[in-house]
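Let me begin by presenting the structure, written as structure tokens, before commenting on it.
The values are calculated or read from the model by the stated rules, or taken from the named source; none is laboratory data. Small disclaimer: the values here were computed from a predicted structure and weren't measured. Reconstructed Cβ throughout: ideal geometry from the backbone, glycine too, with neighbour counts over all protein chains shown. Side chains included, ligands, DNA and RNA excluded: accessible areas come from the protein's heavy atoms. Shrake-Rupley method; radii C 1.70, N 1.55, O 1.52, S 1.80 Å.
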Amino acid sequence: MIILGIETSCDETAAAVLRDGKEILSNVVYSQDIHSQYGGVVPELASRDHIKNIIPVVRKSLDDADLSLSDLEAIAVTQSPGLIGSLLVGLSFAKSLSFSLDIPLIAVNHLEGHIYANFLTHPEFNPPLLGLIVSGGHTDLLIIEERGKYQLLGSTLDDACGEAFDKVGNLLELSYPGGPEIEKLALKGNPNAIPFPVGSVKEYDFSFSGLKTSVLYYLRKLTEEEKEKQKANIAASFQKTAVTMLVKKSIKAMREFKIMKIAVSGGVAANECLRERFFREAKKEGFEVYFPHKIICTDNAAMIAACGYDHYKRGDIASLSVKAEPTETIY
Amino acid sequence: MKKKFHSKSAKETIELGEEFAGVLKQGDIVAFYGELGSGKTTLIKGICKGFGIEKGVKSPSFVFLRIYKSRYTLYHFDFYRLKRKEELVNAGFDEFFFNSGIVLLEWADKLGNLLPESRFEVVMEIRSENEREIQISHTERREWSMEG
């Protein structure tokens, strides 16, 4: 079965074509490259720009897969959560396509999509397992009881983990987005140079705002010269602390719920320091850890199509009157 | 009228926000100014608490907008990632400013002349670790009072 996935919930305009929910035939995220070949506009902000970019992106996803519109058998689209204006572009486009091609429409939750990035990468693994979604907008620890059934254990109370990376990047005067820049700079620093506090938020919730403020206070005490010298150490120490927060809570949850398997996804799951640390702890503590392929960590439509395929198999087809839901969760 | 408040902890900032909530009415717009870590989101947590919203109030820096429902609808914007003010119009965000609800704008300085004229202004400054100075004013002759 050939399924088209569409994702426009935040910054990225993305489309992908999958065969049987497993095989990625194409995976397109709007970029400068597509701009020159297919038109559209360079997006600045999760916005109406999606309108101008959705057709070039879908066209390229079909071209890359060597297919045409008439080959499509279903359309999966992100329907929640996200910015209403952004979600609406993808959803309205998917509805029109579903109506004109007379093929089923499947509504997908963006967060469940991130979980499916792991199912897509590791088709062999089976729930129950723990899930950790870490991105610019989300930091959620959950139990994946089965495909389609999730229980939230904890979430960030203030800044998302990826957001903290970006904001600390900003404090260190690195370029945007800060996450990959901090990762690069951290390679040159000592992760044990500065003991930033790990904090103590109850249960399985997270807080990254305090860590960001600790970095700020630390920087304020330094002269410009010291700042330059310490930058790499700050990046490495901050990164280590943020990773420790995520790993500690994950292990605590795995022990309490006696589920010694965890699937990490979202943009921050591309961070090598996080990956290495999880693999190291997994060996020591005796659990299994899974990460998606790096190209489907950040927002993409392949994960949406993979998730949509499972919904389709369960008969979960959306009506053409389905609405975009900015805040709906899967828990 | 301009009022200055001092907060010695995140807890005190939240309490100030709760009190400020009592001043706010349907249709109000509040612009927040202050550097990273100055406590804008913390103060907004307090405002939401004042409206009975205790859960799910967090930074919208990446998602731009979070919407909370109580007796009013609270639109919590964050323009941290805005590069040019025109993006605001392009994204259709300005439409929310004329909605029936209360609009809270973090990084309001990024909006320039697109900011609605009648608004509360909240300027937050870091005085030392944990200590913040919070200055609240209204751009028009609006009667309001707070003890702090």
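Need the failing condition index for A:S319 against (1) hydroxyl-bearing (S, T, Y); (2) closer than 15 Å to A:L132 by Cβ; (3) more than 14 Å from chain B (Cβ to nearest Cβ), just the number. All conditions pass for A:S319, except number (2). So which residues in the range A:127-145 are modelled with pLDDT under 95 and either closer than 16 Å to A:R255 by Cα or away from every other protein chain (no Cβ under 14 Å) (or both)? If the condition is that a residue be modelled with pLDDT under 95 and either closer than 16 Å to A:R255 by Cα or away from every other protein chain (no Cβ under 14 Å) (or both), then A:P127 is the only one that fits. Against the list (1) open to solvent by 20 Å² or more (accessible area, probe 1.4 Å); (2) modelled with pLDDT under 90, the condition B:D109 fails is (2). If you go through the range A:304-331 and keep only what is outside the structural domain of A:L91 (by TED's automatic domain parsing) and crowded, with 24+ Cβ neighbours inside 10 Å, you end up with just A:A324.
Give the range B:71-93 a look and list any residue that's farther than 19 Å from B:K25 by Cα, among the charged types (D, E, K, R) and over 12 Å from the mean Cα position of the chain (by Cα), or say none. Correct list: B:R81, B:K83, B:R84, B:K85, B:E86, B:E87. Among residues of the range A:122-161 being among the small types (G, A, S) and part of a loop (DSSP other than H, G, I, E, B), the one that is nearest to the chain's Cα centre (by Cα) is A:S135.
To keep it simple, each residue is scored yes or no on (1) in a helix (DSSP H, G or I); (2) modelled with pLDDT under 95; (3) within 14 Å of chain B (Cβ to nearest Cβ).
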| site | (1), (2), (3) |
| --- | --- |
| A:E183 | yes, no, no |
| A:K188 | no, no, no |
| A:I194 | no, no, no |
| A:V198 | no, yes, no |
| A:V201 | no, yes, yes |
| A:Q230 | yes, no, no |
| A:A235 | yes, no, no |
| A:T241 | yes, no, no |
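Filtering the range B:116-148 to residues that are among the hydrophobic types (A, V, I, L, M, F, W, C) and either open to solvent by 20 Å² or more (accessible area, probe 1.4 Å) or more than 13 Å from the chain's Cα centre (by Cα) (or both) leaves B:V123, B:I126, B:W144, B:M146. Screening A:T298, A:T329, A:T244 for residues that are touching a residue at least 12 places away in the same chain (Cβ under 8 Å) and within 30 Å of B:T73 (Cβ to Cβ) leaves exactly one candidate, A:T329.
Matching residues to (1) open to solvent by 10 Å² or more (accessible area, probe 1.4 Å); (2) at pLDDT below 95; (3) outside the structural domain of A:C10 (by TED's automatic domain parsing):
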residue: A:K261; (1), (2), (3): yes, no, yes
residue: A:V264; (1), (2), (3): no, no, yes
residue: A:A269; (1), (2), (3): no, no, yes
residue: A:E272; (1), (2), (3): yes, no, yes
residue: A:R275; (1), (2), (3): yes, no, yes
residue: A:F278; (1), (2), (3): no, no, yes
residue: A:K283; (1), (2), (3): yes, no, yes
residue: A:E288; (1), (2), (3): yes, no, yes
residue: A:A302; (1), (2), (3): no, no, no
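Residues in the range A:7-39 that are modelled with pLDDT under 95 and among the aliphatic types (A, V, I, L, M) were compared, and the one that is farthest from the chain's Cα centre (by Cα) is A:I34. Screening A:V264 with (1) under 24 Å from A:P128 (Cβ atoms); (2) part of a helix (DSSP H, G or I) gives one miss only, at (2).
Consider the range B:30-66 and keep the residues that are assigned to a strand (DSSP E or B) and open to solvent by less than 10 Å² (accessible area, probe 1.4 Å). The one that is nearest to the other protein chains (Cβ to nearest Cβ) is B:F32. How about the range B:88-106: which of its residues are surrounded by fewer than 21 Cβ atoms within 10 Å (Cβ to Cβ) and in a helix (DSSP H, G or I)? Passing the criteria: B:V89, B:N90, B:D94, B:E95, B:F96, B:F97, B:F98. Only one entry of A:E225, A:E183 meets the criterion of being open to solvent by 30 Å² or more (accessible area, probe 1.4 Å), in the same structural domain as A:I133 (by TED's automatic domain parsing) and under 17 Å from A:C161 (Cβ atoms), and that entry is A:E183.
Within this structure, B:N90 fails the test of being in contact (Cβ under 8 Å) with a residue 12 or more places away in the chain and either more than 28 Å from B:K55 (Cα to Cα) or out of contact with any Phe, Trp or Tyr (no Cβ under 7 Å at 6 or more places or on another chain) (or both). Of the numbered conditions (1) assigned to a loop (DSSP other than H, G, I, E, B); (2) on the phi < 0 side of the Ramachandran plot, B:L111 fails exactly one; give the number of that condition. Just one mismatch for B:L111, condition (1). Out of curiosity, is B:R84 farther than 30 Å from A:G154 by Cβ, assigned to a strand (DSSP E or B) and open to solvent by 40 Å² or more (accessible area, probe 1.4 Å)? Criteria not met by B:R84.
Within the range A:207-222, if we keep just the residues that are within 10 Å of chain B (Cβ to nearest Cβ) and outside any helix (DSSP H, G or I), the residue that is most open to solvent (accessible area, probe 1.4 Å) turns out to be A:K221.
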